[in-house]
1. Take the residues in the range 152-166 that are more than 12 Å from Ala107 (Cβ to Cβ) and in contact (Cβ under 8 Å) with a residue 40 or more places away in the chain; name whichever of them is surrounded by the fewest Cβ atoms within 10 Å (Cβ to Cβ).
2. Identify the single condition in (1) small (Gly, Ala, Ser); (2) at pLDDT 95 or above; (3) surrounded by fewer than 20 Cβ atoms within 10 Å (Cβ to Cβ) that Ala41 does not satisfy, given that it satisfies every other one.
3. Looking at the range 124-165 only, could you name the residues that are part of a strand (DSSP E or B), closer than 22 Å to Phe22 by Cα and aliphatic (A, V, I, L, M)?
4. In the same structural domain as Glu136 (by TED's automatic domain parsing), acidic (Asp, Glu) and either under 13 Å from the mean Cα position of the chain (by Cα) or surrounded by 17 or more Cβ atoms within 10 Å (Cβ to Cβ) (or both), is that true of Asp83?
5. With respect to the numbered conditions (1) touching a residue at least 24 places away in the same chain (Cβ under 8 Å); (2) assigned to a helix (DSSP H, G or I); (3) farther than 20 Å from Ile141 by Cα, which one is the sole condition not fulfilled by Ala34?
6. Kindly evaluate Val202 against the criterion of being hydrophobic (A, V, I, L, M, F, W, C), modelled with pLDDT of 95 or more, outside the structural domain of Val84 (by TED's automatic domain parsing) and within 30 Å of Ala92 (Cα to Cα).
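The values are calculated or read from the model by the stated rules, or taken from the named source; none is laboratory data. Values in this document were obtained by computation on a predicted structure and should not be read as measured data. In this analysis, Cβ positions are derived from the backbone assuming ideal geometry, glycine residues included, and neighbour counts consider all displayed protein chains.
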Amino acid sequence: MIGIIGFGRFGKLMTKYLAQDFEVFVYDINCKSAEVRQAGAVPVALETACRQGVVVLPVPISDFKDVLRKISPHLKENALVVDVCSVKVLPARWMQEILPPQIAILATHPTFGPDSASDSLKGRKIALCKVRMDQERFEIIKTFLSSKGLVVIETTPEEHDRQIAVSLALTHFIGRSLSAFGAVEQYMDTEGYKRLLHILEVVEHDTWQLFSDMHRYNPYAREKRVAFMAAMQNIERRLTEEP
């Protein structure tokens, strides 16, 4: 049985898929009982969600430490706690520091969202960082995720954050910049411009909090962002200096 703490956009997506194979118990601070039942799960109190064998935390990273402190006293012995944050170094560290030592920990990042995986998980990627758990349990989870069509990537929190600082944080930075610039469809467009607009479309449904958190809490995001802006400024300088 699985407990889910948080029923935002990604929590709803998780519940929808996990409820197909497991009994799922969901706690959300804003209740949302009818929506939880519609997704195939059972709305419960925080304590009940925490008493399940697996507890998943689809909550914003800015709230993550507070949530860990709230759930820690209610977790059953040998439970597995799973996060789904888009950064991994800090959540992995916080889980080890705050959760009791007998609690297993798996840090994950599903690199998809409610829009891209609304119809299927096939071909979508999920990163797994084995923080504190036995190999047998880890292999069972990998096998289950692969059976759902997911591409499982084993990595470390550090390597994950280095990669995602470019592939996710920088992509969202470009998309937000295009939005602020006012990029819209042009009747005289090009394939390249259409691809730029696709980047904008990818990020426009996500909250500013998600965008801010992936930059604020990823230790490598700022250096990649600064390097990208320096490259743009260098290109602009070359253009203006040419005769």
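1. Val166
2. Evaluating Ala41 over (1) small (Gly, Ala, Ser); (2) at pLDDT 95 or above; (3) surrounded by fewer than 20 Cβ atoms within 10 Å (Cβ to Cβ) leaves (3) as the failure.
3. Within the range 124-165, Ile126, Ala127, Leu128, Val151, Val152 meet the criteria.
4. Numbers: in the same structural domain as Glu136 (by TED's automatic domain parsing): yes; acidic (Asp, Glu): yes; either under 13 Å from the mean Cα position of the chain (by Cα) or surrounded by 17 or more Cβ atoms within 10 Å (Cβ to Cβ) (or both): yes.
Judged against the criteria, Asp83 is a match.
5. Failed condition: (1).
6. On the way: hydrophobic (A, V, I, L, M, F, W, C): yes; modelled with pLDDT of 95 or more: no; outside the structural domain of Val84 (by TED's automatic domain parsing): yes; within 30 Å of Ala92 (Cα to Cα): yes.
For Val202, the condition - hydrophobic (A, V, I, L, M, F, W, C), modelled with pLDDT of 95 or more, outside the structural domain of Val84 (by TED's automatic domain parsing) and within 30 Å of Ala92 (Cα to Cα) - is not met.
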